[in-house]
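One structure below.
What follows is calculated from the coordinates using simple rules that are stated; it is not laboratory data. Since we're looking at a predicted model, the values are computed, not measured. Cβ placement follows ideal geometry from the backbone for every residue including glycine, while neighbour counts extend to all protein chains displayed.
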Amino acid sequence: AARKRLLDDQFYVPFRDVTAFGMRNLQRDDRLPMIYSQICGQALFLLHANGGRLRRPFIDTLLSIYSNKADATMLAKQSGNTYEQMDDAYRSFMQTTIPDK
């Protein structure tokens, strides 16, 4: 679904915006189903792209979120990438990764 949203529907909410949502704002957004499928794709990307290089920063960020210690810049800081670099890498990942059939 994330691939379809990005490539076919041209729907994408940048990492910078996704990381700043907060639970209430996300749940109130009219685009929630589309954003949710995108977030699933971003999680797949963060866990597996580039041999899992972003896995640890992603997990550390999730732990901080659930501990109520994260801020919107944490994933970028932890990964050593800008959100714009992560957006570009995500697009490339989604274009080149072959879905399981």
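How high is the relative contact order of the chain? Use alpha-carbon pairs under 8 Å, at least six apart in sequence, and give a whole percent.
On the way: 74 pairs, mean separation 34.1, N = 101.
The value is 34 percent.
Spatial offset of the stretch 3-26 relative to the stretch 44-101 amounts to 13 Å, using the alpha carbon center of each. Given H placed on each backbone N at 1.01 Å, which residues far from Ala70 in sequence or on other chains put an amide H within less than 5 Å of it? Distant-sequence amide H within range of Ala70: Ile65. Relative to its residue count, the chain spans a Cα convex hull of 100 Å³ per residue. With R₀ fixed at 22 Å, the C-beta to C-beta distance from Gln10 to Thr96 puts the FRET efficiency at about 0.80.
Grab the beta carbon distance between His48 and Lys77, set R0 = 25 Å, and tell me the FRET efficiency rounded to 0.05. Intermediate results must be reported in sequence, preceding the final value.
Working: r = 21 Å, r/R0 = 0.85.
My answer for the efficiency is 0.75.
Subtracting the Cα-Cα distance of Leu62 and Asp29 from their residue separation scaled by 0.36 nm leaves 9.8 nm.
Placing unit charges on C-beta atoms (Lys and Arg positive, Asp and Glu negative, everything else neutral), compute the dipole magnitude of the chain about its Cα centre in debye, rounded to 20. Don't skip to the answer; put the middle values down first.
Values: 14 positive and 11 negative charges, 52 e Å.
Dipole size: approximately 240 debye.
Extension gain for the segment Lys69 to Arg55, taken as residue separation times 0.36 nm less the Cα-Cα distance, is 3.2 nm to one decimal.
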